[in-house]
Amino acid sequence: MSEQAKFSVKGLDLYYGDFHALKDVNLDINAKEITAFIGPSGCGKSTFLKTLNRMNDLVEGCKITGDVRLDGENIYSGMDVSQLRKRVGMVFQKPNPFPMSIYDNIAYGPRTHGIHNKAKLNEIVETSLRQAAIWDEVKDRLNKSALGMSGGQQQRLCIARALAVQPEVILMDEPTSALDPISTSKIEDLVIELKKDYTIIMVTHNMQQATRVSDKTVFFLLGEIIESGDTEKLFSVPTDKRTEDYITGRFG
């Protein structure tokens, strides 16, 4: 395990019933870098992302073997799931704000973790919205429903909501696939900014996006990691023919 690996995954296999969805996955993910997962639909990218905060625990018939460590600690044995999800936040493909005010969306997590002091909550709400580069757009309507925001704003709100509990890692499952180009560009800028303080792991279908924002890229195919490494190198001189075929658009 490399010194700075935030996540270290060894020999991970995942089954949905009889279906072998992830096969012998071995990967180190470094702290304060952006790691992109690429590959065709249904190749295991999102499934793997969800094993990192145990979201697959919720899936009927899911069986996982192997070793997944966060800062050297096994997340599948003896780690409290709610504690894990506080440390490893998640942003989904479609913005999913709660049907409540913008303020309450952000304050929700901190409240569930026992913070009820109004001044402290106000501070968390403002800081999180500023970090998500959306404070100036919403500061005058914090008590209005989050459902009235545009899609791009809702997604930045969901990022702010993830940041509010001060995670160490943010998982993003195709966070811009439902957004227009301008909102996408804002989220990409935001992700690059957040890397200073957070470890970010992003599933993306958009290879240009991977080259624009990520430090490392991991290429998945049929549940296996085919190749992983520095983004620039993986896209310019892939070592595996299948990686080359995928990134040059021969399949996928």
Seminar exercise, completed: The extension gain from F98 to D140, computed as 0.36 nm times the residue separation minus the Cα-Cα distance, is 13.2 nm
Exercise. Among F19, Q155, V203, whose Cα sits farthest toward the positive end of the charge dipole of the chain (+1 at Cβ of Lys/Arg, -1 at Cβ of Asp/Glu, about the Cα centre)?
Worked result: Q155
Problem set entry | FRET efficiency, 1/(1 + (r/R0)^6) with R0 41 Å, evaluated for H205 and R130 via beta carbons | 0.90
Seminar exercise, completed: In terms of the alpha carbon gyration tensor, root eigenvalues a ≥ b ≥ c, rounded if a/c is under 1.5 and otherwise prolate when a/b exceeds b/c or oblate, segment 155-240 is prolate
For this session: Using 0.36 nm per residue of separation minus the Cα-Cα distance, give me the extension gain between D67 and H116 in nm, one decimal.
Result: 14.0 nm
Problem set entry | Charge dipole (debye, nearest 20) of the chain; +1 at Cβ of Lys and Arg, -1 at Cβ of Asp and Glu | 660
Exercise. Whole number please: convex hull volume per residue of the Cα set in the chain, in Å³?
Worked result: 129
Exercise. Can you flag which of K50/K94; K94/K196; K196/K216; K6/K118; K32/K94 are past 22 Å Cα-Cα?
Worked result: K94/K196; K6/K118; K32/K94
For this session: Obtain the radius of gyration and the Kirkwood radius of segment 38-153 from its C-alpha atoms and give Rg over Rh.
Result: 1.03
Problem set entry | Nitroxide proxy distance, nm - points 7 Å out along Cα→Cβ at N26 and S82 | 3.8
Exercise. How far apart, in nm, are the 7 Å Cα→Cβ label points at D18 and V237?
Worked result: 4.5
Problem set entry | Label-to-label distance, nm, for residues given as D230 and S185 (7 Å Cα→Cβ offset) | 2.8
For this session: Please list 135-146, 98-109 highest first by mean number of surrounding beta-carbon atoms within 10 Å per residue.
Result: 98-109, 135-146
Exercise. Among residues other than Y76 whose Cβ falls under 11 Å from its Cβ, what is the net charge (Lys/Arg +1, Asp/Glu -1)?
Worked result: -1
For this session: Kindly write out, for segment 38-54 in residue order, the coupling ³J(HN,Hα) from the Karplus curve 6.51 cos²θ - 1.76 cosθ + 1.60 (θ = phi - 60°), rounded to whole Hz, with x marking Gly and Pro.
Result: 10, x, x, 4, x, 9, x, 4, 5, 4, 5, 3, 6, 6, 6, 10, 6
Problem set entry | Estimated [θ] at 222 nm from DSSP helical runs (n ≥ 4, -39500 (n - 2.57)) normalised by residues in the chain, nearest 500 | -10000 deg cm²/dmol
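Just so you know, all these numbers are worked out from the coordinates, no wet-lab data involved. Remember, it's a predicted structure, so these values are computed and weren't measured experimentally. Cβ coordinates were reconstructed from backbone atoms using ideal geometry, including for glycine residues, and neighbour counts include every protein chain displayed.
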